[in-house]
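The values are calculated or read from the model by the stated rules, or taken from the named source; none is laboratory data. Bear in mind the structure is a predicted one, so any value in this text is a computation, not a measurement. Note: ideal-geometry Cβ built from the backbone for every residue, glycine included; neighbour counts use all protein chains shown. We work out accessible area using only protein heavy atoms, side chains counted, and drop any ligands, DNA or RNA first. Shrake-Rupley method; radii C 1.70, N 1.55, O 1.52, S 1.80 Å.
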Amino acid sequence: MLRRNIRMRREYLYRKSLEGKERLLYEKKRKIREALQEGKPIPTELRNEEAALRREIDLEDENTAVPRTHIDDEYAHAAEKDPKILLTTSRDPSAPLQQFVKELSYVFPNAQRMNRGGQVISEIIESCRAHDYTDVVLVHEHRGVPDGLIVCHLPYGPTAYFGLLNVVTRHEIKDKKAIGTMPEAYPHLIFDNFSTKLGERTANILKYLFPVPKPDTKRIVTFSNQSDYVSFRHHIYEKHGGPKSIELKEIGPRFELRLYQIKLGTVDQAEAQIEWVIRPYMNTSKKRKFLSD
Amino acid sequence: MADSKDAGEEALRRLIATFQPSFLAPNPALSETSRAASRHLFSALRPFCPKSPLDQLLIDGFDAEQIWQQIDLQSQPLLSSLRRQVKHFAKNPEEISKLKVVPLGKKVEKEQREDWVEESDGFDEELEDDEEGEGKGGEEGMDIEDEDEEQGRESDNEEESEGEDEEEKGEDGEAGDGGIEDKFLKIDELAKYLEKEEENFEKAEEDTRGKKGADDEENTEDDDDDDEEEEEEEEESDEVSVLLGSIVSDFVLLCLHRMLSLDLAAKMQQGTWKMQGMDLFYGVFLTLEHCGWDEQFILLLRYEDFFGDKGKYSKKMKAQLHQESEGSDEEDDDMKFKKQNKGTASTHQKQLEKIHSKIEEMEKANLEPKTWTMQGEVTAAKRPKNSALEVDLDFEHNVRPAPVITEEVTASIEDMIKKRITEGNFNDVQKAPKLPSKVPREVKELDDNKSKKGLAEIYEQEYVEKEDPTSAPLSFRDEQKQQASVLFKKLGLKLDALAHFSFAPKPVIEDMSVQINVPALAMEEIAPVAVSDAAMLAPEEVFEGKGDIKEETELTKEERKRRRANKKRRFKAAAVKRMGKKVQEGALPNQMNG
């Protein structure tokens, strides 16, 4: 098991290192294809390799034509398999944090909540890998108010670190009758205003926490981005009259997410490569937006 | 010896007589003179240092540094012994009186003194000269350091010689008069002055405010000569050095004053001339010469009096300085400033000290590693624990503040959601299309409905198909398709007839159909053609009747009557019906007519 893990990790890193070369190859093939289609002469730098590349182009099918990145590797089986999530907290959680985590376990379908106790992060990750979990979500707090969310995709996947702001939990709404019970159908997802590459990446990380829904569910989970602050909302809708009337009823917790780091490794790998990290001390950081345009 | 002695004295005298600034320019004759003078002095001092390895100062072929080292070799042990003795006398003043006074002649003493003075003089001059000789690489001014060194050497010599002098004079003073006193020195005056000074000093120590400003004033107004006297005639007491220092400080001030009064003042203001140690020396020289001092006595001034740091004098000195330069008002302030009794160091001295100490501090700080706040990126491991709490960390937070969730924001989000729902535009996870690994199995759908055709019909159809495949009824499921194909066949036939030259119509295929009511035996009969249906039909099919069927002949009378009655009844009912219809029809035309 250990050796297998090591081998697979090395394979993943090797594939990542090959990406550059693969991209080059892809570019060359693309140029040749274009030249052939338009009837233009093939660019001179590709003359030597033209024959071999042409043969490869002919043999390609739709899977091999697109260059695969490590991102694809990370989420290769995500669409085929339903995600399995482990939710846990930092050590010694307060009661409000425990309640929040309980709510979150209802928000994510197929999520399992676990008491943290005194476990070490690396142990948690190892056991999750062994039990075929796809994601681990850690929630941190400050004096009862949840303030941090760490989403770690499991087989060597990326880890996204979010800060939580303006958290409103279901427990704060005292009237239990009004809020009702939480539905457990697989929800539809809405990702609004994630236009840059980094935005797409973040959207993917959050998207693959959810399974494939049925087309007619009434439950909606929304991640709406406004100047790098992502609002999380959870609704149920009803269509009373005709198609135009839609009534939304908000259920579930509501919070703002603020991404501050993405690492290309799991949580326990402290020395993993940083894909992106927030830099608030730059003078222009007030003007720049990273998740949208 | 005498000759050499004379030569040496001569050299000394010549040195003293030379114009001081001429020392600045390299002059081989002057250096020769100074060397001779120093040799003379050295040999004069030789009897007082028994342990000295050198009997004579070796000059020929030696450079200034080496000559100086030889002098140093002699003077260092001398100095230490003198210091010891001075201390001893300082502790036990009564022993001074016990000192054996050597009843030398005045002249001899004087000569001796002169010798010593000359020696020291020579040392000074020579050293100066040597310094000049060394530094003649085109440098006009000498470094302060060199001068200081020089002064140091001079002071050493002066101290030593002065110490000896003091001792000597102390002895003499007790014994008699004429040996010491001259036109400058009056012992009575000296005694008075000393007492005064002692009182003053005590007062100064007690009272930091210093009321003896007035006293000082008086003192400074005294004749310079007195001061000079004090300097030479001193008791070996605790305050000896103090007094010396004070007196010398007075001098210094005077000299400064005088110097400044010269054209040097102008230069100083212009900034072209900075006061250096050498200049001070010259200034002193000039001043004292102006006062009428003998050159020998001038040289008794010690270096330390100019540049040494004696903690007790500064007050007095400062006071005097201010008196001379300005009024006595500031004196008190200065006294207040000086809480400690510092030595009578000049302001320049003190400034220098301050600067030096600052420089040292800064150099030390530069050599040490910087504090963690100045070290750029510092992690928590690299700085002391909780140190970030104590430091005021100030940096700009260049971030957009968190959005406040208002009603409008929520409404806008919900609007967007509603729009997406109506469009059905969701960002769900899409199931990836799996690559076909197996051939999809054919699923045979079994129709549960009861078949409309009976089993016999199905067998019939199969038989027909077998016999004549072409005549099989078109087994189209779709009726429309069936109709369409029939139509098309007809059309095709007609088109063929039109299109072909040699058209041969298709042979009519007899349509085989299954007839149900066929007799079991279909024999050819020679029977008449006209066959009624009755032959085909079974008797029940011909007539169906129920009950007991009787003929007319078999009927009884009642039964005949009953039959007739039934017949009539039926006939009548039908007739009535007919009539009803006729009436209706008749009514209509009647109505129409009417």
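Quickly estimate the mean residue ellipticity at 222 nm for chain A, helices only: each DSSP H run with n ≥ 4 gives -39500 (n - 2.57), and the total goes over all residues, rounded to 500. The helix contribution divided over chain A gives -10000 deg cm²/dmol.
When chain A is treated as a Gaussian network with alpha carbon springs shorter than 10 Å, the biggest mean-square fluctuation among A:ASN63, A:ASN110, A:ASN166 belongs to A:ASN63. Surface listing: B:GLU408, A:GLU22 arranged by accessible area from highest to lowest gives B:GLU408, A:GLU22, probe 1.4 Å. Taking chymotrypsin sites (Phe, Trp or Tyr not before Pro) across the range B:382-463, the ones in a DSSP loop with at most 12 further Cβ atoms lying within 10 angstrom of their Cβ are B:PHE395. Placing R0 at 41 angstrom, the Cβ-Cβ distance between A:GLN273 and B:SER387 gives a FRET efficiency of 0.85 after rounding to 0.05.
Interface area, chains B and A: about 3000 Å² of buried accessible surface, summed, with a 1.4 Å probe and ligands, DNA and RNA left out.
Among the listed pairs A:LYS289/B:LYS370; B:LYS51/B:LYS354; A:LYS81/A:LYS289; A:LYS28/A:LYS197; A:LYS263/A:LYS287, those whose Cα-Cα separation exceeds 31 Å are A:LYS289/B:LYS370; B:LYS51/B:LYS354; A:LYS81/A:LYS289. Just checking the listed ones, A:ASP72, A:ASP268, A:ASP216: in the Gaussian network model of chain A with Cα springs under 10 Å, the one fluctuating most is A:ASP216. Simple rule: put +1 on each Lys or Arg Cβ and -1 on each Asp or Glu Cβ in the range A:1-67, find the dipole, and look at A:LEU25, A:ALA51, A:TYR14; the Cα lying farthest toward the positive end is A:TYR14. When +1 charges are put on Lys and Arg Cβ atoms and -1 charges on Asp and Glu Cβ atoms, the dipole computed for the range A:1-156 relative to its Cα centre reaches about 460 debye.
Peptide A:192-198 shows a mean partner chain C-beta count of 1 within 10 Å per residue C-beta.
Probe radius 1.4 Å, ligands and nucleic acids ignored: give me the carbon and sulfur share of the accessible area of the range A:24-102 as a rounded percent.
49
Sorting B:HIS40, A:HIS240 by solvent-accessible area of protein heavy atoms yields A:HIS240, B:HIS40, largest first, with a 1.4 Å probe. Between B:ALA90 and B:GLU32, the FRET efficiency from the beta-carbon distance, with R0 = 41 Å, is close to 0.50.
When chain A is treated as a GNM with alpha-carbon contacts under 10 Å, the residue of A:GLN273, A:GLN261, A:GLN37 showing the greatest mean-square fluctuation is A:GLN37.
Simple point charges give the picture: +1 on the Cβ of Lys and Arg, -1 on the Cβ of Asp and Glu, and for the range B:1-87 a dipole about the Cα centre of about 560 debye.
Each peptide among B:537-545, B:70-78, A:47-55 gets the average number of other Cβ atoms lying within 10 Å of its residues, and from highest to lowest they stand as B:70-78, A:47-55, B:537-545. Based on the Cβ-Cβ distance of A:LYS21 and B:LEU54, what FRET efficiency does E = 1/(1 + (r/R0)^6) give at R0 = 56 Å, to the nearest 0.05? Given R0 = 56 Å and the Cβ-Cβ separation, E is 0.05.
Heavy-atom accessible area, probed at 1.4 angstrom with all protein chains present, ranks A:VAL136, A:VAL120, B:VAL404 as B:VAL404, A:VAL120, A:VAL136, highest first.
Length gained on full extension, B:ASP63 to B:PHE543, computed as 0.36 nm times the residue gap minus the Cα-Cα distance: 155.1 nm. Projecting the Cα atoms of A:ILE190, A:MET282, A:GLY241 onto the dipole axis of chain A, where Lys and Arg carry +1 and Asp and Glu carry -1 at the beta carbon, places A:MET282 farthest toward the positive end. Of the cross-linked pairs A:LYS102/A:LYS218; A:LYS29/B:LYS431; A:LYS174/A:LYS214; A:LYS177/B:LYS419; A:LYS214/B:LYS419, which ones have a Cα-Cα span greater than 24 Å in the structure shown? Among A:LYS102/A:LYS218; A:LYS29/B:LYS431; A:LYS174/A:LYS214; A:LYS177/B:LYS419; A:LYS214/B:LYS419, the Cα-Cα distance tops 24 Å for A:LYS29/B:LYS431; A:LYS174/A:LYS214; A:LYS177/B:LYS419.
Summary of packing: across the peptides A:245-251, B:10-16, the per-residue average of other C-beta atoms within 10 Å ranks them, highest first, as B:10-16, A:245-251. Remark: mean inter-chain Cβ contacts per residue of B:391-402 equal 4, using a 10 Å Cβ-Cβ cutoff to other protein chain atoms. Along the axis of the charge dipole computed for the range A:1-67 (Cβ charges of +1 for Lys and Arg, -1 for Asp and Glu, origin at the Cα centre), the listed residues A:LEU36, A:VAL66, A:LEU2 are led at the positive end by A:LEU2. In this Cβ point-charge picture (+1 for Lys and Arg, -1 for Asp and Glu), the range A:83-275 has a dipole of about 600 debye about its Cα centre.
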